[in-house]
Structures are given as structure tokens and as C-alpha cells.
Amino acid sequence: MSAPHAPPHALRVSGVHKSYGARRVLRGVSLALGPGTLAGVVGENGAGKTTLLRILCGQTAADSGAVEHRGRLGYCPQETVLNDFLTVEQHLRYFQVAYGLSSMRRAEELMEELHFSGYRQSRVAVLSGGTRQKLNLTLALMHDPQVLLLDEPYQGFDWETYLRFWSVAGRLRDRGCCVLVVSHLAWDADRLDALYRLHDGVAAPWRPGRGG
Amino acid sequence: MDNPGRRFATAAAFALLEHTRNRFALVLVVFYIPFWLTMEHWFVAGAPTGFLLRATGRHLTVDGNRLTMVSGAINAVTLIVGFMMFMTTFKSLAFDRRLVLAGYPRVCLLVAKVGAMLLAAALISAYATAVICWYWDPVRPWLLMAGVFTAGVGYGGIGILLGAFLRNELAGLFVIIMTSLLDTMLQNPISNPGATKGGVQALPEYGPTQVSVAAGFSGDTPYGHLMLGPAWFAAMWLLGTAAFRLRTRDHRPAAGRRPLSAAARP
């Protein structure tokens, strides 16, 4: 139970456990993030970062523990989950209907911000890895989520796009969105309000270069 | 914006578009069907062939060349429709799961896929029947087309089921080819003219083959057999739907699901 005057959390994870057979991947992950927070989770390959994010977005069931989030949820998977037979425009229309949006204004803004408006009529199958990732990200953001889960969202981005990504993420935070970015690297620690390290199945607050 | 009609129309339009952009399947339809039927027409002797048409209980003696073409058309259509539905289900499963998590109703996606499949199967069956009619005149071409269509629909259901269960493209294609091969060999009048053993009725191509052969060479209409292909489809589709539901489950607590869609916006 929250204290009466405690700030409301946007995302709260309590004691999440997950095992695959005998391998215990998550052993009681707990964290709480407020609205307008840009947070990161880092960890080595196989630490369970993607499993954690899949549990947070509802794609995978936890063995035990609880996940709560307030507001619309956006999730950008690590691998680009797109349909190669459809164009960029058709993807946007499909998700416009899925989210029940009356316009694609936000999607158009994001395409401008990420510089891929010129590919609107292109089939996804012929796009570069970076442009596919931009569309992957846009589909997670176009309904203006209040809690956003991003799994290695800048894979395949060039340097300029990488910087633009952080500028988009910063603006989302300023608008009150709770953004959780999962990465296997801690290069971006300075851009984050909170950083957790997933190690031995547990998430603990962490500052790079200070051990732990 | 939450109009169910719009959701269904969008999903149906994109499901159809996927089929039209499956170039390999289109090449198979356009070239393989006439090639296969032409080869049969060219190479298979037209000697009289006798067999028991179980649907009517009558023994028929017909042109072996024409009988082979009917069987060949069914075989080709089942392979193509089964392959199309396997590929579209297999390739779009992760994408469909993402759509479902974003708020797209599963039922819209599933019904749209079936609608697109029925249209594709109808067009392919009409095309295969037209090729047969190019070479000879079946007694009732429309019923022949219906028989071939029900075969395609049955294998479309098998394709959906395999696409929802299997995790490997090659495995899916292999299972479809082997099933169709076994099915054709065990129950059709060319390879098994007597077909006296009980149980052949349970094979997916049995009903459609009986209907198609009756349409090609007699004035009988085996209405019951016309329903066997769709029955196969229904059974496979139900299993496929259960698998689809299982693989696109939302594991968040019920209270946490509503905010995903704009309908739940404050």
C-alpha cells in the first residue's frame, strides 16, 4: 500500500520471479518508477532483461510477483516485429485502428522526428535495419503512451538517429511519460534519471564505474 | 474509431493484400496448376478406368486421363491453399500478437484471415476448373469447382493450424506436402479404385474428391460429401484458433489491460 502522500507510481514491479526449467532468470525483481521518469535497466547478455520487459508488457507470464502500471502502455520489442508484406503507411493504419486513434498526427510527428517520412509508401521488406527499427519504435509510440517499455530501441540506428532517439525520449519524459529503456550497455547513464542493474536475477539501483 | 466494421475491414483488406504479395504462391497458381494439368493430359493414357464412387454407391467406368486431371486439380489446389495459409499464419504470428496487445480484437484478425482464404480458395478453384474445362467438358463444372474449393478450404484450415503450432517453415511445408500425398494416395479412385476399407471417409480430401468426381462424370450431387471439406476446415480452424489464442495471450492482470487502447483513455 502506498503512503497517503507518496507520489503516484507509473510503473511498479514487486517480487517478480521467472524460471525457464531449472534456470531461474528473475529471482524477485522489484522497482517503482514515477511519471516523468526516464529510467534504464542494464545487464549482461542473458541476465533476463528481455524476459523482464516481456513480463511488464504482458507477453510472458511471471511465475510469481506483481506488475502494475498506470495509463496507456507502449512496448517496443528488441527484434523488429513487422509484417514484410505491408508498407510503412499500412503498418501505421493497422495500429491506428488497433489503438483506436482518430488521427495519425502523432505518428506523422514521430516519422518527421526520426527522419523516415520518405519511406511511407515503401514495403517493409525492402527497408534497411535502421529504418525498420524506426518504424518498430513509432508503432510503440504513436498512441502517446504514459508508460513506455523499450527493449534495446536504438539497435541499427546511425549516430544522428541515436541522438534523435534520446531527444524524443527526453521530450516524452518532459510530457510526463514514464520511459524504461533496457540495454546491455550503460553508455547512456548520464541521460537517465534512474538506472538499475539486473544481476543474479535481481534489479538494484546502480551507478556505472562504482562496482556492484 | 472503435467501429468493429472498420476493424474487420482493415484486417480483411490487409489479409488479402498479404496473399497478393505472396509471389511464390502466385507463381504456383498461375503456372503450376496449368503445367501440372497439362502434363497429366499429355502423359496419362485415356484408357477406361473403373472405380467405386462411394458417394453414390455406383461403379463408374470413365476416361482415366480425365479422372487423373480431377485428382491432380484437387492435389494442386490443396497444396497451394495449404501452403498460403501456413505461410501467412506462420509469418504474421508475432505481428498479430503485437496487434492484439495493442488492442486489436483477435476475432477480427481470425475472421479476416478466413475471409481472405475463402476468396483466394474460390479464385484458385475457379482457375483450376477453367483449365480442366479447356481440355474436356465435365458434366457439371460448377459442382466440380465447388468440390475443388472444399478441398482447398480443408487444407487452408490445416495450414492455419500448422502455422499456429510449428516454429519452422520447412517443417510446415513438409507436413502439408506429406499429408496431401498420403491423402491422395489412400482414397482417390486412381490409386485405390475400390476404396472399400472403412475410415477413408475421415481423410481430408475424401469428401471433395467424391464431389469432384461425381461432378465430372455423373449427374449426382452428393450434398453430404460437399460438407466434409468445410467440416475439416472447421475442426482445424478451431484448433488453430485455440493455438492462436494461447500464443497471443495477454498476461497482464485484467485491470492493467484497459489502458492499452485509446478507448480507456481518461
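Mind listing whichever residues of region A:147-177 are within 25 Å of residue A:44 (Cα to Cα) and outside any helix (DSSP H, G or I)?
Result: A:147, A:148, A:149, A:150, A:151, A:152, A:153, A:154, A:155, A:156, A:157, A:158.
From B:81, B:30, grab the single residue that is within 29 Å of residue A:91 (Cα to Cα), more than 12 Å from every other protein chain (Cβ to nearest Cβ) and surrounded by fewer than 16 Cβ atoms within 10 Å (Cβ to Cβ).
B:30
Restricting region A:11-69 to residues that are of a type in the set (Lys, Arg) and part of a strand (DSSP E or B), which is surrounded by the most Cβ atoms within 10 Å (Cβ to Cβ)?
Result: A:18.
Among A:40, A:71, which is the only one that is under 25 Å from residue A:180 (Cβ atoms), of a type outside the set (Phe, Trp, Tyr) and at the interface with another protein chain (Cβ under 7 Å from one of its Cβ atoms)?
Criteria check complete, one pass: A:71.
Out of A:89, A:68, A:44, which single residue is in contact with a helix residue (DSSP H, G or I) (Cβ under 8 Å, 6 or more places away or on another chain) and acidic (Asp, Glu)?
Of the residues listed, the single one that is in contact with a helix residue (DSSP H, G or I) (Cβ under 8 Å, 6 or more places away or on another chain) and acidic (Asp, Glu) is A:68.
Give the residues of region A:75-109 that are under 22 Å from residue A:183 (Cα atoms) and either at the interface with another protein chain (Cβ under 9 Å from one of its Cβ atoms) or among the hydrophobic types (A, V, I, L, M, F, W, C) (or both), sorted by residue number.
A:75, A:76, A:77, A:79, A:81, A:82
What's the number of the condition residue A:144 fails, among (1) assigned to a helix (DSSP H, G or I); (2) in contact with a strand residue (DSSP E or B) (Cβ under 9 Å, 6 or more places away or on another chain); (3) not hydrophobic (A, V, I, L, M, F, W, C)?
Going through (1) assigned to a helix (DSSP H, G or I); (2) in contact with a strand residue (DSSP E or B) (Cβ under 9 Å, 6 or more places away or on another chain); (3) not hydrophobic (A, V, I, L, M, F, W, C) one by one, residue A:144 breaks only (1).
Yes/no matrix, rows are residues, columns are (1) hydroxyl-bearing (Ser, Thr, Tyr); (2) modelled with pLDDT of 95 or more:
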{"site": "A:71", "(1), (2)": "no, no"}
{"site": "A:82", "(1), (2)": "no, yes"}
{"site": "A:87", "(1), (2)": "yes, yes"}
{"site": "A:94", "(1), (2)": "yes, yes"}
{"site": "A:102", "(1), (2)": "yes, no"}
{"site": "A:114", "(1), (2)": "no, no"}
{"site": "A:120", "(1), (2)": "no, yes"}
{"site": "A:129", "(1), (2)": "no, no"}
{"site": "A:144", "(1), (2)": "no, no"}
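For residues that are outside any helix (DSSP H, G or I) and within 26 Å of residue A:171 (Cβ to Cβ), tally how many sit in region A:70-109.
Of the residues in that region, 18 qualify.
Can you tell me which residues in region A:43-68 are over 14 Å from the mean Cα position of the chain (by Cα) and facing chain B (nearest Cβ under 9 Å)?
A:60, A:61, A:62, A:66, A:67, A:68
If I filter region A:169-208 down to residues being at pLDDT below 80 and in contact with a helix residue (DSSP H, G or I) (Cβ under 9 Å, 6 or more places away or on another chain), which single residue comes out as surrounded by the most Cβ atoms within 10 Å (Cβ to Cβ)?
A:188
What number of residues within region B:138-171 satisfy the criterion of being surrounded by fewer than 17 Cβ atoms within 10 Å (Cβ to Cβ) and either more than 25 Å from residue B:68 (Cα to Cα) or at pLDDT below 90 (or both)?
The total comes to 5.
Residues being closer than 25 Å to residue B:4 by Cβ and not polar (S, T, N, Q): count how many of those fall in region A:83-124.
Within region A:83-124, residues that are closer than 25 Å to residue B:4 by Cβ and not polar (S, T, N, Q) number 17.
Exactly one of (1) touching a Ser or Thr at 6+ places or on another chain (Cβ under 6 Å); (2) crowded, with 21+ Cβ neighbours inside 10 Å is unmet by residue B:108. Its number?
It fails just one condition, (1).
Here are some residues: B:195, B:231. Which one is assigned to a helix (DSSP H, G or I) and either at pLDDT below 90 or surrounded by fewer than 23 Cβ atoms within 10 Å (Cβ to Cβ) (or both)?
Sole residue among the options that is assigned to a helix (DSSP H, G or I) and either at pLDDT below 90 or surrounded by fewer than 23 Cβ atoms within 10 Å (Cβ to Cβ) (or both): B:231.
For region B:40-57, enumerate the residues that are surrounded by 12 or more Cβ atoms within 10 Å (Cβ to Cβ) and either in contact (Cβ under 8 Å) with a residue 40 or more places away in the chain or of a type in the set (A, V, I, L, M) (or both).
Within region B:40-57, B:41, B:44, B:49, B:50, B:51, B:52, B:53, B:54, B:55, B:56 meet the criteria.
Kindly establish whether residue A:78 is in contact (Cβ under 8 Å) with a residue 40 or more places away in the chain and surrounded by fewer than 22 Cβ atoms within 10 Å (Cβ to Cβ).
yes
The values are calculated or read from the model by the stated rules, or taken from the named source; none is laboratory data. Treat the numbers as computed from the prediction; the structure is a model and nothing was measured. Neighbour counts run over all protein chains shown; Cβ positions are idealised from the backbone, glycine included.
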